[in-house]
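Written out below as structure tokens is the structure these notes cover.
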Amino acid sequence: MLPAQERSVMLMKKIAKGTHRNVNYVSRLFQPQNVVPKDGIVKREDSLSKSQKLMHDLGVIRQASPGAFHLLPLGERSLQKLIRIVDDEMCKINAQKLLLPLLTSGELWKSTGRWEDIGEELFTLKDRHDRELVLSPTHEEAVTELMASIPQLSYRQLPLLLYQVTSKFRDEMRPRFGLLRGREFIMKDLYTFDTSAEAASETYKAVSKAYDNIFRRIGIQYFKVSAVTGVMGGSVSHEYHFPAAVGEAKLLICESCGYGTSLESCVPSECPECGHGFLKCCPGIEVGHTFLLGTKYSVPLKARFTTVEGKSDFLQMGSYGLGMTRILAAGVEVLSLPDEMRWPIALAPFTVCIVPPKVRKEVRKVQWLT
Ligand SMILES: [Zn+2]
């Protein structure tokens, strides 16, 4: 990509010639801002996060209902930039993009025990035939059932990496901080299928590398910490966090070697990794989570493949999430000043704004470019 300055010169030449069709005018941008009248009193909850306040006041998002937000044109542009980075890194590890239905059957969730395990946070509803359905918070069940339905899946087709970028739902008791903790949000979720635990471990390493690339490209300092597997199950798990005061996760980070862990209680201690550093407590916003699942889902849902010897065996799985809308808000949260919104350059809705000189008395329209 060309530096912003060079690009803007190139684009201005195109505009002058009338050959550039994709010009966005500031004057036409749908960016409803919250303008506070002089001496006006703003009635607002104190519990708003910095990013929520800025994104709302500057017309990036607008609340539809508690925990659900409209992504306005600026927010949508930023999301698309993040999706492009993710798609690019997923392509490099041969992950294929698909779309699974958001509506899944209650029976499916009962078969793995998560109907009870997730409990009230699971968004459930009933159709006209009184059948229970779930607005999915994640898709391990759905994608495993899909794999189980493929006849004669061969070891030759593995490893298989499938991902999607879709809305997810969680019936939060108290949605808060705008896009940081909503009831409806957008996630990228990747599911991997391997022939053995060793092969699944190799896939886990490859995806972890892709995640590091994604976070490097976003350009915000992040912590990767070992984590507990929780309701997801499995053996190995890591979380990715942006350090921020508003973050609800408690992390222990080694000041010496960078080792980190996510714990319920935050008790500073000596680093188990390097032995000479001390673990320091810091709050973080969880923006990604990876799990090595083993056969937790493939056994109850009977997702099998045919081995080299022609036998049938259960698929070894992994699950990898990225909170897409949360990354946008967390980026703004980390970088912004209380009254000045700042984006990571890679996700900024626009990077160049051209203000043309006055022609006679008329001020030409101000233009924003990608
Ligand atoms: Zn250490």
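At a 1.4 Å probe radius, carbon and sulfur cover how many percent of the accessible area of the chain? Walk me through the numbers on the way to the answer.
On the way: 10460 of 19690 Å².
Its accessible area is 53 percent carbon and sulfur atoms.
Suppose all protein chains stay in the model; what accessible area per residue would a 1.4 Å probe give for the chain, in Å²? Display every interim value, and only then the final one.
Values: 19690 Å² over 370 residues.
I get 53 Å² per residue for this part.
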Give the Rg/Rh ratio for segment 124-212, taking Rg as the radius of gyration of the Cα atoms and Rh as the Kirkwood radius, to two decimals.
-> 1.06
Using the alpha carbon gyration tensor of segment 184-248, what are the three equivalent-ellipsoid semi-axes (square root of 5 times each eigenvalue), largest first, in whole Å?
-> 23, 15, 12
Segment 113-176 and segment 76-104 have their Cα centres apart by a whole-number Å value of 17
Compute the projected area of the convex hull of the Cα atoms of the chain, averaged over all viewing directions, and report it in nm² to one decimal place.
-> 24.9
Cα-based convex hull volume of segment 310-355 per residue, rounded to whole Å³ | 126
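Averaged over every viewing direction, what's the projected area of the C-alpha convex hull for segment 276-358? Give it in nm², one decimal, please. It would help to have the intermediate numbers written out before the result.
On the way: hull surface 54.7 nm².
It is 13.7 nm².
With respect to the cross-link table entries 14/97; 81/296; 50/250; 205/296; 53/81, which display a Cα-Cα separation exceeding 24 Å? Could the numbers behind the result be given before it?
Numbers: 14/97 35 Å; 81/296 34 Å; 50/250 19 Å; 205/296 20 Å; 53/81 22 Å.
14/97; 81/296, as the Cα separations exceed 24 Å there.
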Diffusion coefficient, µm² s⁻¹, Stokes-Einstein with Kirkwood Rh over alpha-carbon pairs of segment 152-195 at 10 °C and 1.306 mPa s = 123
Cysteines without a disulfide-compatible neighbour (Cβ-Cβ under 4.7 Å), the chain | 91, 282, 353
Convex hull volume per residue in cubic angstrom - Cα atoms of segment 211-307 | 141
Mean projected area in nm² (Cα convex hull; one quarter of hull surface) for segment 66-153 = 8.8
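The values are calculated or read from the model by the stated rules, or taken from the named source; none is laboratory data. Predicted model only: the values in this text are computed from it and were never measured. Cβ coordinates were reconstructed from backbone atoms using ideal geometry, including for glycine residues, and neighbour counts include every protein chain displayed. Note: accessible area is taken over every heavy atom of the protein model, side chains too, but ligands, DNA and RNA are not part of it. Shrake-Rupley method; radii C 1.70, N 1.55, O 1.52, S 1.80 Å.
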